[in-house]
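K.L.:
Please read through the structure below; I'll follow up with questions.
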2 protein chains.
Amino acid sequence: MYRSHTCGELRSSHINQEVTLAGWVQKVRDKGFMIWVDVRDRYGITQLIFDEERTPADVFEKAKSLGREFVIQVKGDVIERESKNANIATGDIEILVKDLTILNGAKLPPFTIEDETDGGEDLRMKYRYLDIRRNPVKNSLLFRHSVAMQVRNYLSQEGFIEVETPYLIKSTPEGARDFVVPSRMNEGQFYALPQSPQTFKQLLMVGGMDKYFQIVKCFRDEDLRADRQPEFTQIDCELAFVEQEDILNIFEGLTRNLLKEIRGVEIEKFPRMTFADAMRKYGNDKPDIRFGMEFGELNEVAQHKDFKVFNDAELVVGIAVPGAASYTRKEIDKLIDWVKRPQVGALGMVYVKCNEDGSFKSSVDKFYDEADLAKWAEATGAKAGDLICILSGNTNKVRAQLSALRMEMATRLGLRKSDEFAPLWVVDFPLLEWDEETERYHAMHHPFTSPKPEDFDKLETAPGEVRANAYDLVLNGNEIGGGSIRIHDKELQSRMFSLLGFTPEEAEAQFGFLMNAFQYGAPPHGGLAFGFDRLVAILGGQETIRDFIAFPKNNSGRDVMIDAPANIDDEQLKELHIKLNL
Amino acid sequence: MYRSHTCGELRSSHINQEVTLAGWVQKVRDKGFMIWVDVRDRYGITQLIFDEERTPADVFEKAKSLGREFVIQVKGDVIERESKNANIATGDIEILVKDLTILNGAKLPPFTIEDETDGGEDLRMKYRYLDIRRNPVKNSLLFRHSVAMQVRNYLSQEGFIEVETPYLIKSTPEGARDFVVPSRMNEGQFYALPQSPQTFKQLLMVGGMDKYFQIVKCFRDEDLRADRQPEFTQIDCELAFVEQEDILNIFEGLTRNLLKEIRGVEIEKFPRMTFADAMRKYGNDKPDIRFGMEFGELNEVAQHKDFKVFNDAELVVGIAVPGAASYTRKEIDKLIDWVKRPQVGALGMVYVKCNEDGSFKSSVDKFYDEADLAKWAEATGAKAGDLICILSGNTNKVRAQLSALRMEMATRLGLRKSDEFAPLWVVDFPLLEWDEETERYHAMHHPFTSPKPEDFDKLETAPGEVRANAYDLVLNGNEIGGGSIRIHDKELQSRMFSLLGFTPEEAEAQFGFLMNAFQYGAPPHGGLAFGFDRLVAILGGQETIRDFIAFPKNNSGRDVMIDAPANIDDEQLKELHIKLNL
């Protein structure tokens, strides 16, 4: 036993007890005749005291050699602290040290192990094991664990069974790029790492498992944007004999439970919104509804004058930014520059200041009178003091641009509060989306998603109008989960593959096993998968997922700590029946 | 809602209720005027009754079309069953059906979906989704889930944190063959899939996580023997500030808890045995101690006569097989054939029958008298009625051979009872083992295992004698867990790599990140990993792990259900900067 107590455990009730602690040196204050050392472990910090008069001389001498992050073990007596520290749980006591063992020395760490560190992102990633010692990272990992436990216990109690599905599976052309694994025993062939356990969870439903879940790693070999990882974790769920309504209720229950148990937030009923409404009102299929600024479409009230820009536009749409009528000309110019950035891509922005006295001042006063602008204010819900920001152009583009502006303004106004939680179901997604590049339809969710039965007859005639039994769970403007009712009929699945441009032979080669399974008694089924990394980050009130992943990769997919990926031996290549092709 | 109740839920208290059930047709008995259908789901079986007089004609007609494994939904009234079936939980009632929907038809399954099936292993693997409908497989997966939940909840309560470590890591030459993953973004480089999260869990200890666990998939590209899978699951655990004793106590606690909660078996204290004793007494480092038949070494009492075979042998060793003195000459000959099979490899076997009258009859009566044989009986603990089986030769080989015979005889005698549990700690493993082929030492556990401090000085002078702080947890003759105290000192780790034949440059290239980490305040640490597949199988009283894995691979590493691995596109190969080399 290296310790009798942890560094976060001792209280005034322990005074006069002899204890043994072990941990890292957080701080040394050497006053010559007296040395104070803060010793730290996962559980907290305890102050040690070495006193020239009361500590054995050799121990006192050894204490003088201590440096930051040394690993030590001390024996001593718990005594009352003279100047108590209310900021830490052990602040009432300190340890008068009798014996000290240096378990391991430490070089000076490349950045400070403090809540606010001086280390940059790259350095902290290279020395991730030191970064993990810091409270923000350590607590994020502890938090992740507690969320995972809560999820597992909740789902188990609801009758779900966690089933492990395989990691070495088969590459499929649909979806994102696969990571593949050359097979040594099956020459010239490759496994693929799963992008999700989709087909396996469906087969478990065919197998009668009824309620399945799994917290599972998934893999996508995509170009990495900020905050996207090549390996990520899903809470993957599937149920048999369910309709969309059942699934929404069950996972609303899970999410409500997490919000309550983890964050103490009680939310009664999650609102629902169709995809079409989400796009119309927020320009986004994952709207952040913690705040308003709903879109007001202005075509009717803005396309009757000589302003060509609006008249030529497919859509004229605006939002009322609360309290921003006071923006100066310069501030507004900067805002216009912001929407014209390539990342947003607007060609310009029309604005209307809604003055406190009820009058309006706009950048298009030449074309519109006060009565026109009053109608715009009505359509956008603008009140006195608001700034109406209006974009126009192609419907899809302008919605995306205005959505970006809406989020930006909400951030500037502090409306995206990390301790406020606004979940939302987005339903009735289109089944397919047209891809200009390949000139064919792609599955919006995935090829196993069932069309709505009432839209079956449009599948071949008007595929773009077919709605899917698909749904997303949105939390604070992030898609935290998505799923669908699946196809469970071989014929319908074949029609779907054919719509997606598969020949019957290709469909058979790739998904024959699934369509075959559907012939042996497949029940109606559906499911949902949560992005666990993001869910945990949002529940933790954070924007980025990186602190919630113990060993994340950088934007080139590299682990800079272990320096992977790396070269492998020629011998290994040969055994795997592959050569480099550089 | 497809159902109001499950097929395992209804009791006589539900009589007269209208219910809706959904599930698979297990059996149809058509008596013309009356049709009985057993409908099955994960939760049980309920009997449906279609009565020509009481069931609507169209429903009755539809019922006539039902076949095995059809997926149906029925509405009806719960009524009392005339001939009750005590074998099933719902045996007191049946459903008089009013409405029937065929949710999906089913082709005749390729094997019967019964507890005892007519399907062979290959067929069942190809149609694993049908195999999973069978109780033995379904219950094994449910059992696995309950063990995993118990493990997670126990370890969480003990302060362990589950941390997910990465799957895309770096290939290392030590240990088994890695599965590798070509990197698209890092040309010519490869990730490796982890054989275990070994270095990451050690880095988590350096990072102060203190108590880590993870139920995690691991990968080894080895030639597959029966019951070994290329991907397998570990309960991986690591702790800081611990000695071997702490670790044994903690995981003895976990295992005791599992045995109690899962199997209702209470075991006080697990016995411990050194590796040397295990080899001497059982010829095996994972002895099954549910039964006796300890080895008796006979060199002293058998090497004083003219029997050259024994005199030339390094070791003469025997076991007393209870009650086998009654074996006929023919039975004994067959046993001798058995030990001479290539899988066992003995050159022959000497036997002594311990007759009920106290006399002996042996195959070497020419060389030894009754007094000699009495000494052999004493050394092997043989009693009247036992058969002493004796092998001789090279110590290591003969021990392995006699161990195989001991297990075989125990199986034949029914001594390996699946509901009896005998855990055992095996400790004090050698640090290194000599490999004849490569003519160098290999790490017996792995290169991060700490030698016992008292053996440090033998590291360079007598490496073969150095004992490790390593331990295995054995249950019923299976190693279910193994671990060690790790090296946490850079210098010692370097010495270790050098002993294993690494140049300093190679050690640095492969494990520089770990040795570097040791310089920044690494605490003493150690851990243990359980083979989860095997643990679950043994707790479930089974010999093979396959039913406890939802989608296992066959002995060629193939998933015959989805037909993986498979060929991939040239385009994919090109993107990954590799070519085939067939």
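The values are calculated or read from the model by the stated rules, or taken from the named source; none is laboratory data. Because the structure is predicted, anything quoted here is derived from the model rather than measured. A quick note on method: Cβ atoms are made from the backbone with ideal geometry, for glycine too, and the neighbour counts reach across all protein chains shown. Note: areas computed on protein heavy atoms with side chains; ligands, DNA, RNA excluded. Shrake-Rupley method; radii C 1.70, N 1.55, O 1.52, S 1.80 Å.
K.L.:
I'm trying to understand the selection: among the residues of segment B:245-268, which are under 17 Å from B:Asp472 (Cα atoms) and open to solvent by less than 10 Å² (accessible area, probe 1.4 Å)?
P.N.:
Across segment B:245-268, the qualifying residues are B:Ile247, B:Leu248, B:Phe251, B:Glu252, B:Leu254, B:Thr255.
K.L.:
Here's something else I'd like to know. Give me the residue from segment A:108-122 that is within 17 Å of A:Val560 (Cβ to Cβ) and under 23 Å from the mean Cα position of the chain (by Cα) and, out of that set, least open to solvent (accessible area, probe 1.4 Å).
P.N.:
A:Gly120
K.L.:
I've got another one for you. Do the conditions hold for A:Ile215, that is, is it of a type in the set (A, V, I, L, M, F, W, C), within 26 Å of B:Tyr127 (Cβ to Cβ), open to solvent by 10 Å² or more (accessible area, probe 1.4 Å) and in contact with a Phe, Trp or Tyr (Cβ under 9 Å, 6 or more places away or on another chain)?
P.N.:
Working: of a type in the set (A, V, I, L, M, F, W, C): yes; within 26 Å of B:Tyr127 (Cβ to Cβ): no; open to solvent by 10 Å² or more (accessible area, probe 1.4 Å): yes; in contact with a Phe, Trp or Tyr (Cβ under 9 Å, 6 or more places away or on another chain): yes.
So A:Ile215 fails the test.
K.L.:
Shifting gears a bit: For A:Asp223, state whether it is assigned by TED's automatic domain parsing to the domain that holds A:Gly531 and open to solvent by less than 10 Å² (accessible area, probe 1.4 Å).
P.N.:
Considered against the rule, which asks whether it is assigned by TED's automatic domain parsing to the domain that holds A:Gly531 and open to solvent by less than 10 Å² (accessible area, probe 1.4 Å), A:Asp223 comes out as no.
K.L.:
A further question follows. From the list A:Leu168, A:Leu141, A:Leu155, A:Leu203, exactly one residue is facing chain B (nearest Cβ under 7 Å) and within 30 Å of A:Ile262 (Cα to Cα). Which is it? Talk me through it step by step, then tell me what you get.
P.N.:
Working: A:Leu168 fails: within 30 Å of A:Ile262 (Cα to Cα); A:Leu155 fails: facing chain B (nearest Cβ under 7 Å); A:Leu203 fails: within 30 Å of A:Ile262 (Cα to Cα).
Answer to the check: A:Leu141.
K.L.:
To continue, here is another question. Only one of these is among the basic types (Lys, Arg) and not in a loop (DSSP other than H, G, I, E, B): A:Lys305, A:Lys260, A:Lys269. Name it.
P.N.:
Checking each option against the conditions leaves just A:Lys260.
K.L.:
Hey, another quick one. Regarding segment A:442-462, can at least one residue be identified that is on the phi > 0 side of the Ramachandran plot and either touching an Asp or Glu at 6+ places or on another chain (Cβ under 8 Å) or open to solvent by 10 Å² or more (accessible area, probe 1.4 Å) (or both)?
P.N.:
No - not one qualifying residue is present in segment A:442-462.
K.L.:
Next question, about the same structure. Quick one: which strands (runs of 3 or more DSSP E) lie wholly within segment B:470-550 and hold at least 2 residues that are open to solvent by 10 Å² or more (accessible area, probe 1.4 Å) and either closer than 30 Å to B:Glu408 by Cβ or assigned by TED's automatic domain parsing to the domain that holds B:Phe251 (or both)? Before you say what the answer is, go through the steps one by one.
P.N.:
Working: elements: B:470-475, B:478-485, B:525-531.
Per the criteria, B:478-485, B:525-531.
K.L.:
Quick check on my filter: what residues within segment B:232-269 are over 20 Å from B:Gln150 (Cα atoms) and touching an Asp or Glu at 6+ places or on another chain (Cβ under 9 Å)?
P.N.:
Once the filter is applied, which keeps residues that are over 20 Å from B:Gln150 (Cα atoms) and touching an Asp or Glu at 6+ places or on another chain (Cβ under 9 Å), segment B:232-269 yields B:Ala240, B:Phe241, B:Lys269.
The rows are residues; the columns are (1) in contact with a His (Cβ under 9 Å, 6 or more places away or on another chain); (2) of a type in the set (Ser, Thr, Tyr); (3) open to solvent by less than 50 Å² (accessible area, probe 1.4 Å).
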site	(1), (2), (3)
B:Ala320	no, no, yes
B:Ala324	no, no, yes
B:Tyr327	no, yes, yes
B:Leu335	no, no, yes
B:Gly345	no, no, yes
B:Cys354	no, no, yes
B:Asp357	no, no, no
B:Lys361	no, no, no
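K.L.:
So which residues in segment A:569-582 are surrounded by fewer than 22 Cβ atoms within 10 Å (Cβ to Cβ) and either closer than 19 Å to B:Ala176 by Cα or assigned by TED's automatic domain parsing to the domain that holds A:His145 (or both), if there are any at all?
P.N.:
A:Asp569, A:Asp570, A:Glu571, A:Gln572, A:Leu573, A:Lys574, A:Glu575, A:His577
K.L.:
Can you tell me how many residues in segment B:90-99 are within 13 Å of B:Asp38 (Cβ to Cβ) and outside any strand (DSSP E or B)?
P.N.:
The number of residues fulfilling the criteria is 2.
K.L.:
Residue under question is A:Val147, and the condition is that it be open to solvent by less than 20 Å² (accessible area, probe 1.4 Å) and outside any helix (DSSP H, G or I); does it hold? Let's see the steps before the verdict.
P.N.:
On the way: open to solvent by less than 20 Å² (accessible area, probe 1.4 Å): yes; outside any helix (DSSP H, G or I): no.
Against the criterion (open to solvent by less than 20 Å² (accessible area, probe 1.4 Å) and outside any helix (DSSP H, G or I)), A:Val147 does not qualify.
K.L.:
Can I ask one more? Having 2 or more residues that are away from chain A (no Cβ under 12 Å) and acidic (Asp, Glu) is the bar; report the strands (runs of 3 or more DSSP E) wholly within segment B:1-89 that clear it.
P.N.:
In segment B:1-89, B:18-30, B:71-80 are the strands (runs of 3 or more DSSP E) which contain 2 or more residues that are away from chain A (no Cβ under 12 Å) and acidic (Asp, Glu).
K.L.:
Same structure, new question: Please pick out the residue among B:Arg220, B:Arg177, B:Arg256, B:Arg228 that is of a type outside the set (S, T, N, Q) and within 8 Å of chain A (Cβ to nearest Cβ).
P.N.:
Numbers: B:Arg220 fails: within 8 Å of chain A (Cβ to nearest Cβ); B:Arg256 fails: within 8 Å of chain A (Cβ to nearest Cβ); B:Arg228 fails: within 8 Å of chain A (Cβ to nearest Cβ).
Answer to the check: B:Arg177.
K.L.:
Does segment A:391-433 hold any residues that are open to solvent by less than 50 Å² (accessible area, probe 1.4 Å) and of a type in the set (S, T, N, Q), and which are they?
P.N.:
A:Ser392, A:Thr395, A:Gln401, A:Ser403
K.L.:
Check every one of the strands (runs of 3 or more DSSP E) wholly within segment B:339-434 and list those with 3 or more residues that are over 21 Å from the mean Cα position of the chain (by Cα). Working first, answer last.
P.N.:
Details: elements: B:350-354, B:360-362, B:387-393, B:423-427.
Ranges flagged: B:350-354, B:360-362, B:387-393.
K.L.:
Can I ask one more? Inspect all residues belonging to segment A:237-248 and state whether any of them is more than 9 Å from chain B (Cβ to nearest Cβ) and part of a loop (DSSP other than H, G, I, E, B).
P.N.:
Checked against the condition, which is being more than 9 Å from chain B (Cβ to nearest Cβ) and part of a loop (DSSP other than H, G, I, E, B), segment A:237-248 yields no hits at all.
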